[in-house]
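Undergrad: This structure is in structure tokens; I'll ask about it shortly.
The values are calculated or read from the model by the stated rules, or taken from the named source; none is laboratory data. These numbers were taken from a predicted model, which means no experiment stands behind them. When we count neighbours, we look across all protein chains shown, and the Cβ atoms used for this are built from the backbone with ideal geometry, even at glycine.
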Amino acid sequence: MASGSLRPNDCGGTVTYVVFPPEPWLGFGSMMVIELAFAGDSRRRLAARPAHRARLTQLHADGDLLLAGPWDDDTGAMLVFRTDERGLRRILDADPYYSTPGVTVSSVRRWQPTVGSIR
């Protein structure tokens, strides 16, 4: 297991990620999970959300995004990407939402599912 830090935006915090060795027999490939935290005045975040969701829709259609959505209480969100760390950096850098005031990438983790399937 390896760990390190990633700074996808200028939020001032350090995001910790954990890397687990892949199980190639599962066929999932590299997967990355990010958790977002929402805080402060929500007006700018909500104004940026339609363009962000359009981008997520395209990433899903392209097969790069598996799941995404806000927590039930709208304090943050979770997104599951089918990519490696380099691909995730490109995705985060291409979407201004992740540097919008009130949006913080609070967690970045490589994920290796052990049960389930992707169709």
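Undergrad: Mind listing whichever residues of the range 78-104 are within 18 Å of Asp64 (Cα to Cα) and among the β-branched types (Val, Ile, Thr)?
TA: The answer is Val80, Thr83, Ile91.
Undergrad: Next question. Can you find a residue in the range 69-87 that is part of a strand (DSSP E or B) and more than 14 Å from Val33 (Cβ to Cβ)?
TA: Taking every residue of the range 69-87 in turn, at least one turns out to be part of a strand (DSSP E or B) and more than 14 Å from Val33 (Cβ to Cβ).
Undergrad: Could you figure out which of (1) more than 17 Å from Glu35 (Cβ to Cβ); (2) part of a helix (DSSP H, G or I) isn't true of Gly116?
TA: Status for Gly116: all satisfied but (2).
Undergrad: Can you tell me which residue within the range 32-50, out of those that are of a type outside the set (A, V, I, L, M) and in a loop (DSSP other than H, G, I, E, B), is modelled with the lowest pLDDT?
TA: Checking each candidate, the answer is Asp41.
Undergrad: Would you tally the residues in the range 83-94 being in contact (Cβ under 8 Å) with a residue 40 or more places away in the chain and buried (at least 18 other Cβ atoms within 10 Å of the Cβ)?
TA: 3
Undergrad: Can you find even one residue in the range 18-30 that is surrounded by 12 or more Cβ atoms within 10 Å (Cβ to Cβ) and either modelled with pLDDT of 95 or more or on the phi > 0 side of the Ramachandran plot (or both)?
TA: Yes, the conditions are met somewhere in the range 18-30.
Undergrad: Shifting gears a bit: Confirm whether Arg53 is modelled with pLDDT of 95 or more and surrounded by 11 or more Cβ atoms within 10 Å (Cβ to Cβ).
TA: yes
Undergrad: Follow-up. Just give me the residues in the range 56-68 being surrounded by fewer than 13 Cβ atoms within 10 Å (Cβ to Cβ) and part of a loop (DSSP other than H, G, I, E, B), in sequence order.
TA: Asp62, Gly63
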